[in-house]
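Contents: one structure, followed by commentary.
The values are calculated or read from the model by the stated rules, or taken from the named source; none is laboratory data. Note that this is a predicted model, so its numbers are computed, not measured. Cβ placement follows ideal geometry from the backbone for every residue including glycine, while neighbour counts extend to all protein chains displayed.
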């Protein structure tokens, strides 16, 4: 009787311990190519190493991450972790997993430059809130086959936006291609050309000024290109508010000559274009203020409302591992944020020659980007600038306001958003 009772007690204790340590983590993941698929494969290894913890990967559209996730987090709900791009804007919801990682100093050494983008709690904030799984750079892709068919040479290093726009329009006309140029409907994408045209974005104290002569100059040019057909008008005019819209489909089906987007599209283009035509990434075009895109990327972020912070911290620690990152990046064909992997390089064994060349172009371009571009990416309220830009510039494009009215409203929108944030 005593033995039976003792064994029963041990069994109950073991069951209680198992239940206490068991956790299900929900991972909201968007992908441009195969990022979520690659993570799902690696997470199987994590689950094998951490018995009792399961991770459910929910693949969602990017629009859900940009528009839906902030609403969920503001109400104290949502996934335990998510793949996000608005690092500064969502930082207030992120969990500091430092207490749950094995070697915080090693993570700092590998990811310090990008960890800074989530540290919005003051100069002494050393927390680990998110791990980048993709370093990105904005810039253009062009359909080289169309240039060849048109007999038009690709503009070389140092070519301006005006040079590229003129060349792409000539190619479109000679080949009967539907669209010459398109740019993602995104304030992030707009910022690179604006800084190249001389926009300072911030004053000497780091406070946003948004609209200055450089910003206005590119806004004038961009609206004019939409009006004269150089830029595919429907990309920006086809949506309202700050809704994101890309033109990847138009590029992959061969109906677009030049597409201003970013390095995250490389894997997608390699998969969807195949050998249909030759495409290349080119360095960021130049303006009076320089030749820059915007750095950025996606990171897997942990959130405060989780009911399993220790297990979540272990997962983030696993995702930061060099071997895990290398495996994911090799499959997704993305640029590493891990500084050791930047030095060693990634063996993109399955990448095509077009993909490898594009990865090289974007990786090299990051070193040439303006300091203002890095400042913009790390600014915790950059979403306010980006949303106001998209909303108001679109209104000027479709004729709902004059450009001067739109620019005035951008400044007032940003001021109102900053006041609300404070």
Has segment 44-56 got at least one residue that is surrounded by 14 or more Cβ atoms within 10 Å (Cβ to Cβ) and within 23 Å of residue 379 (Cβ to Cβ)? no
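Quick one: count up the residues across segment 340-361 that are over 24 Å from residue 291 (Cα atoms) and surrounded by 16 or more Cβ atoms within 10 Å (Cβ to Cβ). Please lay out each step first, then the result.
First, the residues of segment 340-361 that are over 24 Å from residue 291 (Cα atoms): 340-341, 343-353.
The next check asks that each one be surrounded by 16 or more Cβ atoms within 10 Å (Cβ to Cβ); those that pass are 341, 346, 348, 351-352.
Of the residues in segment 340-361, 5 are over 24 Å from residue 291 (Cα atoms) and surrounded by 16 or more Cβ atoms within 10 Å (Cβ to Cβ).
Counting just the residues of segment 209-223 that are more than 23 Å from the chain's Cα centre (by Cα) and farther than 18 Å from residue 182 by Cα, which one comes out surrounded by the fewest Cβ atoms within 10 Å (Cβ to Cβ)? Step through it out loud before you land on a result.
Initially, segment 209-223 is screened for residues more than 23 Å from the chain's Cα centre (by Cα), giving 209, 211-214, 216-217, 220-221, 223.
With farther than 18 Å from residue 182 by Cα added as a condition, the list becomes 209, 211-214, 216-217.
On the way: 209: 14, 211: 23, 212: 16, 213: 12, 214: 21, 216: 17, 217: 19.
For segment 209-223, the residue satisfying everything is 213.
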So residue 158 ticks every box in (1) free of Cβ contacts under 8 Å to residues at least 12 places away in the same chain; (2) outside any helix (DSSP H, G or I) but one. Which box is left unticked? (1)
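Surrounded by fewer than 17 Cβ atoms within 10 Å (Cβ to Cβ) and either closer than 25 Å to residue 274 by Cα or at pLDDT below 95 (or both) - does that describe any residue in segment 175-188? Steps first, answer last, please.
First, pick out the residues of segment 175-188 that are surrounded by fewer than 17 Cβ atoms within 10 Å (Cβ to Cβ): 176, 178.
Going one step further and asking which of them are either closer than 25 Å to residue 274 by Cα or at pLDDT below 95 (or both), we end up with 176, 178.
The answer is yes, given that some residue of segment 175-188 is surrounded by fewer than 17 Cβ atoms within 10 Å (Cβ to Cβ) and either closer than 25 Å to residue 274 by Cα or at pLDDT below 95 (or both).
Scan segment 60-67 and give yes if some residue there is exposed (fewer than 14 other Cβ atoms within 10 Å of the Cβ) and without any contact (Cβ under 8 Å) to a residue 60 or more places away in the chain, otherwise no.
Checked segment 60-67: at least one residue is exposed (fewer than 14 other Cβ atoms within 10 Å of the Cβ) and without any contact (Cβ under 8 Å) to a residue 60 or more places away in the chain.
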Checked segment 83-122 for anything out of contact with any helix residue (DSSP H, G or I) (no Cβ under 9 Å at 6 or more places or on another chain) and more than 18 Å from residue 314 (Cβ to Cβ); matches are 122
If we scan segment 283-304, do we find a residue that is over 18 Å from the mean Cα position of the chain (by Cα) and not assigned by TED's automatic domain parsing to the domain that holds residue 233? yes
Residues that are farther than 30 Å from residue 38 by Cα, outside the structural domain of residue 89 (by TED's automatic domain parsing) and modelled with pLDDT of 95 or more, at least 3 per element: which helices (runs of 4 or more DSSP H) completely within segment 330-422 meet that? 382-398, 403-421
All conditions in (1) within 30 Å of residue 127 (Cβ to Cβ); (2) surrounded by 17 or more Cβ atoms within 10 Å (Cβ to Cβ) are true of residue 310 except (2)
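Out of the helices (runs of 4 or more DSSP H) lying entirely within segment 236-324, which hold 3 or more residues that are in contact with a strand residue (DSSP E or B) (Cβ under 6 Å, 6 or more places away or on another chain)? Write out each step before concluding.
Values: elements: 248-252, 266-273, 309-320.
Correct list: 309-320.
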Could you tell me whether residue 171 is touching a helix residue (DSSP H, G or I) at 6+ places or on another chain (Cβ under 8 Å), touching a residue at least 60 places away in the same chain (Cβ under 8 Å), outside any helix (DSSP H, G or I) and closer than 27 Å to residue 151 by Cβ? no
Quick check on segment 214-225. Is at least one of its residues more than 16 Å from residue 407 (Cβ to Cβ) and modelled with pLDDT under 95? no
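How about segment 119-133: which of its residues are in a loop (DSSP other than H, G, I, E, B) and at negative phi?
First pass over segment 119-133, keeping only residues in a loop (DSSP other than H, G, I, E, B): 119-129.
119, 120, 121, 123, 124, 125, 126, 127, 128, 129 - these are the residues of segment 119-133 that are in a loop (DSSP other than H, G, I, E, B) and at negative phi.
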Would you check if residue 95 is in contact (Cβ under 8 Å) with a residue 12 or more places away in the chain, more than 15 Å from the chain's Cα centre (by Cα) and buried (at least 21 other Cβ atoms within 10 Å of the Cβ)? yes
In segment 224-235, residues that are touching a strand residue (DSSP E or B) at 6+ places or on another chain (Cβ under 8 Å) and surrounded by fewer than 19 Cβ atoms within 10 Å (Cβ to Cβ) total 1
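Residues in segment 189-208 that are surrounded by fewer than 15 Cβ atoms within 10 Å (Cβ to Cβ) and farther than 24 Å from residue 85 by Cβ: how many? First the steps, then the outcome.
Of all residues in segment 189-208, those surrounded by fewer than 15 Cβ atoms within 10 Å (Cβ to Cβ) come to 203-207.
Now restrict to residues that are farther than 24 Å from residue 85 by Cβ: 203-205.
Residues that pass the stated criteria total 3.
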How many residues does segment 56-82 contain that are on the phi < 0 side of the Ramachandran plot and in contact with a helix residue (DSSP H, G or I) (Cβ under 7 Å, 6 or more places away or on another chain)? 7
Restricting segment 20-38 to residues that are surrounded by 18 or more Cβ atoms within 10 Å (Cβ to Cβ) and over 20 Å from residue 262 (Cβ atoms), the residue that is modelled with the lowest pLDDT: 23
Sole miss for residue 49 among (1) on the phi < 0 side of the Ramachandran plot; (2) touching a strand residue (DSSP E or B) at 6+ places or on another chain (Cβ under 8 Å) is condition (2)
